[in-house]
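Below is one structure, written out as structure tokens; the observations come after it.
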Amino acid sequence: MEVFLQTLVAGILKGGLYALIGLGMTLIMGVMGIINLAHGQLMMVAMYVTFVLFHYLGIDPYTSLLISMPSLFLLGVLIQKYLLNPLMKVESILPENQVLMTVGIGMVLTEIARFIFTSNYLSVKTSYSSAAIFVGGISFSVALTIAFIFACTLTGILFWFLIKTDLGRSIRAVSQDGEAAQLMGINAERIKVVTMGIGSALVAAAGTLLLPIYYLFPDIGGPFTRRAFVITILGGLGSTVGAIFGGLTLGLAEAFSSTYMGMEFEDMIGLVIFVLVLLFLPGGLKSLTKV
């Protein structure tokens, strides 16, 4: 029973971070109507920003959120404004050219990181990286627990922003019906730029929070793009609430498969879930929860 509870705790804590990663991709998907296949690479950039700030300036990873999130927000805005928005105005034989552009952007970001930092594995070791607190025999990783709290806080701020602010309501309107939103006077192109920035900032936060307990190398973006994609499909395309449940589900699935089946099954379980959802629940959890 203790092993089960320990695995449950680990899965929930990890799932909180996964939900934050999935929220960014889901938000972009809902507004722009495309899957951002450079999502994990944007997270990788934020992790390198955090590493540089810690290694050279001694800035704590949690403090560096104040730098990595705005930096990736700006990068996301620039990518959307100058690389993706122009493609939406061009008639093309291949309508998926925006998706292909995100693939290219991801490759470019990966190779730039490889050129600057080489392919060496890097890490950030802090006083709390390997620390743990025990509650009734169940251990809680200090770094992962703090990261989970940050993830919950940022998620709460995001929902407040989407529900209570004019800009947030405009994002929701464009997500629901872009043409109708434009007829109501909403600048859909500007909303897409802002949304890409917000989605990039969210995944930047996840990368920064993950770095004290994870390793870093240029190709790390690929596995996290895959995870974000699985979460987005599992939660239901464009559903922010579904992305939270999807992230928690994936975190728990990875934790339990690692504990009871073996570490080698941890990465595979996400792909199995992906295939099963496409076969038996193509609408994702959104089709069940109506969110």
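With a ≥ b ≥ c the root eigenvalues of the C-alpha gyration tensor of segment 200-266, is it rounded (a/c under 1.5), prolate (a/b larger than b/c) or oblate? Oblate is the answer for segment 200-266, as a/c is 1.5 or above yet b/c matches or exceeds a/b. Of the DSSP H helices in the chain, those that are both long (alpha-carbon extent of 18 Å or more along the helix axis) and hydrophobic (Kyte-Doolittle mean at least -1.0) are 2-32, 39-57, 65-79, 97-117, 142-164, 188-210, 221-235, 240-260, 266-280.
Over the Cα atoms of segment 70-155, compute the convex hull volume and normalise it per residue, giving Å³. Before the final figure, lay out each step's value.
Working: hull volume 15.6 nm³, N = 86.
Hull volume over Cα atoms, normalised by residue count, gives 182 Å³.
Size of segment 9-146: Rg and Dmax of its alpha carbons, in Å, are 18.0, 62. Measuring against 21 Å, Cα to Cα, the residue pairs Lys164/Lys192; Lys14/Lys164; Lys89/Lys192 contain Lys14/Lys164 as the ones spanning a longer distance. Each of Ile35, Ile198 was scored by other Cβ atoms within 10 Å of its Cβ. Listed from fewest to most, they are Ile35, Ile198. Remark: spin-label model distance Phe117-Glu264 equals 2.9 nm, labels positioned 7 Å along the Cα→Cβ axis. The order of the peptides 142-151, 268-277 by mean Cβ neighbours within 10 Å, most packed first, is 142-151, 268-277. Centroid-to-centroid, using Cα positions, segment 43-65 and segment 114-182 are 15 Å apart.
Seen from a random direction on average, the alpha-carbon convex hull of segment 156-291 projects onto 9.9 square nanometres.
Each residue of segment 181-187 was assigned a 3J(HN,Hα) from its phi angle through the Karplus expression (A = 6.51, B = -1.76, C = 1.60, θ = phi - 60°), giving 4, 5, 5, 8, x, 7, 7 Hz with x at Gly and Pro.
Looking at the P(r) of the chain, how many percent of alpha-carbon pairs lie beyond 27 Å? When every Cα pair of the chain is considered, 39 percent fall beyond 27 Å.
Bear in mind these aren't lab numbers, they're just calculated from the coordinates by the rules spelled out. Here the structure is a predicted model, which means the values were calculated and not measured. Using ideal geometry, Cβ is built from the backbone for each residue, glycine included, and neighbour counts are taken over all protein chains shown.
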